[in-house]
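Please treat every number below as a calculation from the coordinates, not as lab data. Worth saying up front: this structure is predicted, and the values here are computed from it rather than measured. Here the Cβ positions follow ideal geometry from the backbone for every residue, glycine too, while neighbour counts run over all protein chains shown.
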Protein chains: 2
Amino acid sequence: MRPTPRVETFPANTPAASQIFTTVLSQGPLTRLEVARRTALSPAAVTKAVKPLIEAGYLVEDAADEARPALGRPANPVRVDGGRALFLGVKVTGDEIIGVLTDLCCRTRGARRAPLADRAPQPVLTAIADVVAELLSQANELGVGVHGVGVAVSGDVDRAEGVVRYSPFLNWRDVPLAELASLTVGLPVTVDNDVRALTVAEQWFGAGVGLSDFAVVTVGAGIGCGLVVHGRVVAGAHGVAGEIGHVTVDPAGPPCHCGNRGCVEAIAGEEAIVRQVREATGVEVRDAAEAVTLAHRGVPGVREVYARAGEAIGRGIATVANLLGPERVIISGEGLAAYDLFAEQIRDTLTAAAFGSAAQCDVQTRPLPFEEWARGAAATAIQSFITPDDPHPSR
Amino acid sequence: MRPTPRVETFPANTPAASQIFTTVLSQGPLTRLEVARRTALSPAAVTKAVKPLIEAGYLVEDAADEARPALGRPANPVRVDGGRALFLGVKVTGDEIIGVLTDLCCRTRGARRAPLADRAPQPVLTAIADVVAELLSQANELGVGVHGVGVAVSGDVDRAEGVVRYSPFLNWRDVPLAELASLTVGLPVTVDNDVRALTVAEQWFGAGVGLSDFAVVTVGAGIGCGLVVHGRVVAGAHGVAGEIGHVTVDPAGPPCHCGNRGCVEAIAGEEAIVRQVREATGVEVRDAAEAVTLAHRGVPGVREVYARAGEAIGRGIATVANLLGPERVIISGEGLAAYDLFAEQIRDTLTAAAFGSAAQCDVQTRPLPFEEWARGAAATAIQSFITPDDPHPSR
DNA sequence: CCCCTTCTTTTCCCTCGTCAATAAAAGAAG
DNA sequence: CTTCTTTTATTGACGAGGGAAAAGAAGGGG
């Protein structure tokens, strides 16, 4: 049993209350009647559940709706008071710790980054503690308590147990990060995979609100994918899921670090793009930003590299669409800076390669400031606060 | 509202009762205490739910366990009385109607096939009615009532509404098959996609019992895939899901009828194999059986065709494993007759192409008599009988 | 014959959510 | 200005469903 530090606990104990709160949280101000409709509960149940939540300050009566219909008693919308509680989200990358301070509605209230010299668990913990301490002092200025910390790590993470099973990037195995960090920072800590955390943020606070089946595709150094099926984030039986980056796109393609050839990541990952641009132009391109510049400058051969990358990503998304039939695909990640360079290819390839009505799935892109990853971590902390027993809550 | 004919209805009204019954149904004879453990309910709740089910004859006390431990009151296992109710399953193919009679435990009690001359809805309905009538007379001899009919059709099927949205094979669009068939046969009818139906059978009565995440891959004329995620069969937001057959394996591969190149089905589907064997040998091979014979006879080039097919299937499965991380993959279908010809390739490719621990997923094969498809349909009827309101019940 | 162990049942209780009736807050109608 | 209509919110009685605890049942062992 991981020690749970003594902090305020959320006053919604019944499943119905959590469901009602979550609905209001992600679907904005809603009248009680509207909540009842969306949760398939009776209006009476909503009233009863809402009352203690208002008393505890988590919900507030919203200003009456301007565009109210002429007839009947005016509706009395309710919304979550974001300022009632604060949360921290921390993203651990190979060389940096990125932290954000968010409110209960997962709006960013502060941010902090710190370089990471050593990737071993202890130094990482220390670095996390530093970032957390700084953010806590920011929180202090706001005069609101921090109710939980979420940590996002790439790799195989067991959120229920709070253990990092295996992170190739950090070279960790079976590190009980939640427990360790919780002892260090004195707050409840939730640990989850980074892409899943981002997916949680979209599910509760982003473009996935109200959807029971969607996918988040991240384009950057790696190509990742978070899946929501039946309203729940997919975690995979063995900790692996959403590895769209290692879907084979062309068995004769370039070798991938995973040992295969022609993975999406081996064609459209940042490193792969830089390499291909270098090969195509002879210019000693250093990073993705330089490659994008070359492309925009019209250097011959560079656009073709991005076109191929777009095709690879499109095929990866088409595969997801064929297998799961999501309602929407949300494309995100640092690589979106170059989105104009492959948008068309992604769309075209998806349309061509998706089977039947799978091609109908809506594709959205969202710009991703780097703090977004940390915000995802905060979203998992918010989930854990609201539904402490459910390791992978549904919509 | 589809008319529901007057028949006996299942006496488990509460969610807990359904859950308890389902657990006993698929997990064999269980003591009440064991049921309580597996459903996370209290022993008292189990006793209360079991009583009316025994009174109604759906559950029976099993013979006491032989290998009982020396201590304490002997356990009193309970099991489902399969003979208490009968169901029909009907699979509609392009040229044939296949029907089975099963008991409540989905054990086959009879079978009937009838050729299909015309694929239009009306002739198909007539043919279904004929097969159903014959099976009903078989049921009559058993002296047990038939409580529902399941119909499995390939294509985009909306089970909740009982409508075949689009079936390319039959060239149907928006046919309200459940309603029509129900009127014709005078019994409740459930309509579902064929691969999903097969998946349901595995989930409740086969190799998927107790698993919350697994995949069923069917190898035959087409290559299909049923997915169970979070304990529920995946249906897809637009009716498409599990289209593993149209996952691209080699963008430079042979053209597929779907318009792309190098789909799994274009390499490993029955038609594709026959074509490739013909090309490789010059022999005028007619069907898959002949191709298998040639392969076993050692005709040069034929085994290579199967090897390529196995590789394609393996890549498809690896893709599923990478994206969803299932606990198990169940390979099934008529094409299994040639399983020895590609077993090795499937395994090897899966191991190589799966990312990280995704390769750990267990792969099982099950021989598939053709009635199995119809049995899947019966399984959906059993589900509908037990949980009438839930179109896609969980474990 | 009594005790011990384990499974099952009973009894009581409590929680949660629905139902139905009521209150509340407007504008509309007269 | 009063009364009616319409819609939203609240209240309180009721009941179903499941849990806790204790008793009962069915053996074996001392």
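When the alpha carbon gyration tensor of the stretch A:211-365 is reduced to an equivalent ellipsoid, the three semi-axes, largest first, read 27, 16, 13 Å. The stretch A:284-356 and the stretch B:146-169 have their alpha-carbon centroids 37 Å apart.
Against the compact-protein benchmark of 2.2 N^0.38 Å, the Cα-based radius of gyration of the protein assembly as shown scales to 1.01.
Over the residues of the protein assembly as shown, the helix contribution to mean residue ellipticity at 222 nm works out to -12500 deg cm²/dmol, using -39500 (n - 2.57) for each DSSP H run of at least 4. The three principal axes of the C-alpha atoms in the stretch B:172-245 carry coordinate ranges of 36, 26, 25 Å, sorted with the longest axis first. Overall dimensions of the stretch B:103-148, expressed as equivalent-ellipsoid semi-axes from the Cα gyration tensor (√(5λ), whole Å, largest first), are 24, 10, 10. Axis angle, to the nearest 10 degrees, between helix A:43-55 and the longest C-alpha principal axis of chain A: 90 degrees. Report, please, the projected area of the stretch B:275-395 averaged over directions, based on the convex hull of its C-alpha atoms, in nm². In nm², the orientation-averaged hull projection of the stretch B:275-395 is 9.1. Positive-end ranking of B:Val247, B:Ile267, B:Ala237 along the dipole of the stretch B:232-275, with charges on Cβ about the Cα centre, is headed by B:Ala237. Within 12 Å, Cβ to Cβ, of B:Thr281, how many net charges do the neighbouring residues add up to if Lys/Arg are +1 and Asp/Glu are -1? For residues surrounding B:Thr281, the net value is 0. Ranked by the mean number of other Cβ atoms within 10 Å of their residues, highest first, the peptides B:306-312, B:263-269 fall in the order B:263-269, B:306-312.
Treating only the Cβ of Lys, Arg, Asp and Glu as charged (+1, +1, -1, -1), what charge dipole size does the stretch B:212-365 show about its Cα centre? Round to the nearest 20 debye. The dipole magnitude comes to about 140 debye. Shown here are the Rg and Dmax of the Cα trace of the stretch B:219-275, at 12.6, 39 Å.
Dimensions of the stretch A:82-230 along the principal axes, based on C-alpha atoms and rounded to the nearest Å, stand at 38, 37, 27, largest first.
Looking at the protein assembly as shown alone, DSSP beta bridges between its own residues are antiparallel in about 65 percent of cases.
Starting from the label point of A:Gly145 at 7 Å along Cα→Cβ, the same points in the other copies fall at 5.9 nm, in ascending order. With the Kirkwood sum run over all distinct C-alpha pairs, the stretch B:15-80 has a hydrodynamic radius of 11.9 Å. Shielding of peptide B:347-355 by partners, expressed as the average count of other chain Cβ atoms within 10 Å per residue Cβ, is 4. With everything on Cα atoms, drop me the angle between helix B:371-386 and the longest principal axis of chain B, reported from 0 to 90° to the nearest 10. Here the helix axis deviates by roughly 30 degrees.
Using Stokes-Einstein with the Kirkwood hydrodynamic radius over Cα pairs, what translational diffusion coefficient do you get for the stretch A:256-329 at 37 °C and a viscosity of 0.692 mPa s, in µm²/s rounded to a whole number? Using the Kirkwood radius from Cα pairs, D works out to 250 µm²/s.
Here the stretch B:121-192 has an Rg and Dmax of 12.6, 39 Å, counting Cα atoms alone. Mean partner shielding of peptide A:159-170, defined as the number of other chain Cβ atoms within 10 Å of each residue Cβ, is 0.
Output the 0 to 90 degree angle, nearest 10, between the alpha-carbon long axis of helix A:270-281 and the longest principal axis computed from the alpha carbons of chain A. Around 30 degrees separate the two axes. Take B:Ile54, push a point 7 Å out from Cα through the beta-carbon direction, and compare it with the same point in every other copy: 5.0 nm, smallest first. Rounded to 0.05, the FRET efficiency of the B:Asp389 and A:Ser42 pair, given R0 = 22 Å and the Cβ-Cβ distance, is 0.80.
Each of A:Ile54, A:Pro43, A:Gly72 was placed along the dipole of the stretch A:15-80 (beta-carbon charges, centred on the mean Cα), and the one lying farthest toward the positive end is A:Pro43. About its Cα centre, the dipole of chain B is roughly 840 debye, where the only charges are +1 on Lys and Arg Cβ and -1 on Asp and Glu Cβ. Please report, to one decimal in angstroms, the Kirkwood hydrodynamic radius of the stretch B:287-327 built from all distinct Cα-Cα pairs. Mean inverse Cα-Cα distance, inverted, gives 11.6 Å.
With the label put 7 angstrom out from Cα along the Cα-to-Cβ vector, A:Glu161 ends up 4.5 nm from the copy partners, going from closest to farthest. The magnitude of the dipole of the stretch B:1-142, with charges of +1 and -1 set on the Cβ of Lys/Arg and Asp/Glu and taken from the Cα centre, is near 520 debye. Give the Debye-formula value of log10 I(q)/I(0) at each listed q (0.17 Å⁻¹), with one equal scatterer per alpha carbon of the stretch A:157-281, two decimals each. The Debye formula, applied to the Cα set alone, gives -0.98. Bin width 20 Å, origin at 0, all Cα-Cα pairs of chain A: what percent of pairs per bin? Result, from short to long distances: 27, 54, 18, 1 percent.
Compactness of the stretch B:1-153 was expressed as the Cα radius of gyration divided by 2.2 N^0.38 Å, which yields 1.29.
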